[in-house]
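No value in this document is a laboratory result; all are computed from the given coordinates. Computed from a predicted structure; not experimentally measured. No Cβ is skipped: glycine too gets one built from the backbone with ideal geometry, and neighbour counts run over all protein chains shown.
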Amino acid sequence: MEFGEVLKQFLLDLQRLFRSNIVDGKITLSQILLISSVPFDGIDMTSLAQQLGVDNSTLTRLVDILVRRDWIEKSKGRHDKRITLLKLTPKGQEIQDKVEERIDLLGDTVYDSIPLEDRDEVKEILSTFHWTLSKLLLKQE
């Protein structure tokens, strides 16, 4: 199997795991990725769109749904009114905490299913893999 095919299968398997273990009837995978990416002190929409790898119009549609649910609030930048800032509401923080708990539980389940003697090596390889992907993304910006 070519490395590109392995990457595609890895992504598909991760999405299936997230959908079956994290997603429920109240929140979609896209919403999970969005809400878990909003830091406590907020973020501007352009930075978040870059981080998630989506365009601003896609992010706006997702954000508008979460604003209607009172999970995220939007505000204008203090010094530059063209900037839209996003911040979790208390309800959104509660949802984010629940999502993070589910993600941690899924991570523990996957980690515990790796043979004990391979766990450190797998973790190191995944960290290196993540670092490699991060460097590739930086080159693209």
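Summary table below
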{"quantity": "Output for the stretch 1-37, where each listed residue is part of a loop (DSSP other than H, G, I, E, B) and either within 18 Å of E100 (Cα to Cα) or in contact with a Ser or Thr (Cβ under 8 Å, 6 or more places away or on another chain) (or both)", "calculated": "I22, V23, G25, K26, T28, S36, S37"}
{"quantity": "Inter-residue pairs, beta-carbon under 8 Å, first without any contact (Cβ under 8 Å) to a residue 12 or more places away in the chain and outside any loop (DSSP other than H, G, I, E, B) and in the stretch 52-81, second of a type in the set (S, T, Y) and surrounded by 15 or more Cβ atoms within 10 Å (Cβ to Cβ), 6+ apart", "calculated": "K76/T84"}
{"quantity": "The stretch 82-99, residues that are assigned to a strand (DSSP E or B) and either exposed (fewer than 15 other Cβ atoms within 10 Å of the Cβ) or of a type in the set (A, V, I, L, M, F, W, C) (or both)", "calculated": "L85, L86, L88"}
{"quantity": "Matching entry among D64, D97, D80, D70 (being touching a Lys or Arg at 6+ places or on another chain (Cβ under 6 Å), farther than 20 Å from Q15 by Cβ and charged (D, E, K, R))", "calculated": "D70"}
{"quantity": "Filter result for the condition that a residue is within 15 Å of the chain's Cα centre (by Cα), on the phi < 0 side of the Ramachandran plot and charged (D, E, K, R), over R69, R19", "calculated": "R19"}
{"quantity": "Criterion violated by F40 - all others in (1) in a helix (DSSP H, G or I); (2) under 15 Å from the mean Cα position of the chain (by Cα); (3) more than 25 Å from Q140 (Cα to Cα) satisfied", "calculated": "(1)"}
{"quantity": "Residue identified as out of contact with any strand residue (DSSP E or B) (no Cβ under 8 Å at 6 or more places or on another chain), surrounded by 14 or more Cβ atoms within 10 Å (Cβ to Cβ) and not small (G, A, S) among R69, R119, R61", "calculated": "R69"}
{"quantity": "Some residue of the stretch 100-112 being hydroxyl-bearing (S, T, Y), free of Cβ contacts under 8 Å to residues at least 60 places away in the same chain and exposed (fewer than 11 other Cβ atoms within 10 Å of the Cβ)", "calculated": "no"}
{"quantity": "Hits in the stretch 27-51 - residues which are farther than 30 Å from R78 by Cβ and either touching a strand residue (DSSP E or B) at 6+ places or on another chain (Cβ under 7 Å) or touching a residue at least 12 places away in the same chain (Cβ under 8 Å) (or both)", "calculated": "I27, L29"}
